[in-house]
1. Just need the Rg to Rh number for segment 219-313, please, alpha carbons only, Kirkwood Rh.
2. Fewest to most neighbouring Cβ within 10 Å: what's the order for Asp273, Asp3, Asp182?
3. Just from its helices, what would the mean residue ellipticity at 222 nm be for the chain, if runs of 4 or more DSSP H residues each count -39500 (n - 2.57) and the sum is divided by every residue, rounded to the nearest 500 deg cm²/dmol?
4. Pick out, in residue order, every one of the trypsin sites (Lys or Arg not before Pro) in segment 251-297 that is DSSP loop and has at most 15 other C-beta atoms within 10 Å; say none if there are none.
5. How high is the relative contact order of segment 1-217? Use alpha-carbon pairs under 8 Å, at least six apart in sequence, and give a whole percent.
6. Quick one: longest stretch of the chain between exposed loop GluC sites (Glu not before Pro), exposed meaning at most 10 other C-beta atoms within 10 Å and loop per DSSP?
7. Using modelled backbone amide H atoms (1.01 Å from N, in-plane), which distant-in-sequence or interchain residues come within less than 5 Å of Gly83's amide H?
8. Choose one answer from Val133, Val297, Val180: the residue with the largest mean-square fluctuation in a GNM of the chain with alpha-carbon springs under 10 Å.
Amino acid sequence: MDDTQIITALTQRVVDNVEKVIIGKRREVEMTLLALLCEGHLLIEDVPGVGKTMLARAIAKSIGCTFRRIQFTPDMLPSDVTGVSVFNQKTLEFEFRPGPVMAQIVLADEINRATPKTQSALLEAMEERQVTVDGVTYPMERPFLVLATQNPIEYEGTFPLPEAQIDRFIMRLSLGYPSVADEMRVLESQREHHPLEDLGQAVSGEELKAAQSAVRRIYADDLIKEYIVELANATRRHPDIYLGVSPRGSLALFKTSRAYAALQGRTYVIPDDVKALLEATFAHRLIISPSARIKNVEARAVVEQIAMSVPVPGTRIRAMK
C-alpha cells in the first residue's frame, strides 16, 4: 500500500471502532486521530458531560495503548503529575514511582482547574517526551498523546492556561452537544451496559507508527509552506492581536495539513487543507489585545478574517522575467 492508503485504512478502522462509543462525532474523532498521527497533543474545550473522557479512553483501547486519567484540582502538586522519588529503607536507595503522566494516552481532565505551577509540570513531557525528577530523566513510551479538557473560561474556579502550555497543543477542538437523534442513540446504546466495555483493539502499535511515518512523507510544495508562514505573519501584524502565532503554530498547521491531505486520499497538500485546519491550529494560540476584548472580538473571527485576506498560492501575479 502507498502512504495515503496506509493512513486512510488505519484512520477508517480506528474511527469506526471509536464510533461505537462516541456517537455522531465522526469529524471530531478524525481530528483527534489526526493529532495522534502528527504526534501532537489535543485540547478539548467544552462543557462537562459531552464525552471527552470517553473519547480518550476509546482511542486508547482502539490502538492498544496504556491510559491514565489525571483529575486536575487547585491543590494538586507537580509531583502528583510527574511522579516522585521515594527512599527505600530496605535497599537504602531512592526509587522512582512514576506519576500518571507516564502513560501513552494521558487524559488531563479539567486542566484549567489546576494552578499554573502544576499545569507547567506537563511542559517537558509534551514537548520532549520525557520527565525529569530529582535530576534523573525518564523517557516516555511512544506513542504519547496528552488529551486535555478545559471548561469555558467564564466558569468559576478556573485558571487560564499559560501561553507556553497552550502553545504545545497542536489543535483545540470542541465536541458540542449531540443532535436529538444522536442523543437517542446514546441512550439506547447504554440501555444494558456501557459499549466501552466491549470495545476491542482496532490497530497495533506498529501500524500506528507506520502511519505516523507515512504522514511525514506527504508532499507540501514551497508555495504551501510560504502560504502557512504568511498566515502566521498576518496574525502577528493584526491590530486586534496582542500576541500572534509562534513558529510552533506554523509547524502545527504544516504537520496537520499533511495528515489531512492524506485523509482526503492525496499524497500532496493543497491550500484547502491548510484552510480546513487554520482555526483548530491557530485560534487558541492568539491573545486578543485589551482594546479588542472590550469590543468582544473573538480569536475565531480574527482567524476567519486572516484566511480571507491572505492570498492563496496560485492566485498571485508573478513578475515577468
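Laboratory data are not the source of any read-out in this text; all were calculated from the coordinates shown. The shown structure was predicted, so the numbers you read here are calculated from the model rather than taken from an experiment. As a convention, Cβ positions derive from the backbone with ideal geometry for all residues, glycine included, and neighbour counts pool all protein chains shown.
1. On the way: Rg = 13.4 Å, Rh = 13.4 Å.
With Rg and the Kirkwood Rh in hand, the quotient comes to 1.00.
2. Values: Asp273 24, Asp3 19, Asp182 13.
Taking fewest neighbouring Cβ atoms as first place, the list is Asp182, Asp3, Asp273.
3. On the way: 15 runs with 138 residues, N = 321.
Estimated from H runs of four or more residues: -12000 deg cm²/dmol.
4. On the way: sites: Lys255, Arg258, Arg266, Lys275, Arg285, Arg293, Lys295; in loops: Arg266, Lys295.
Listed in order of number, the matching sites are Arg266, Lys295.
5. Numbers: 373 pairs, mean separation 71.9, N = 217.
Relative contact order of segment 1-217: 33 percent.
6. Working: sites that count: Glu154, Glu156, Glu192.
With a cap of 10 other Cβ atoms within 10 Å, the longest stretch comes to 1-153.
7. Placed amide hydrogens put Gly99 under 5 Å from Gly83.
8. Val180
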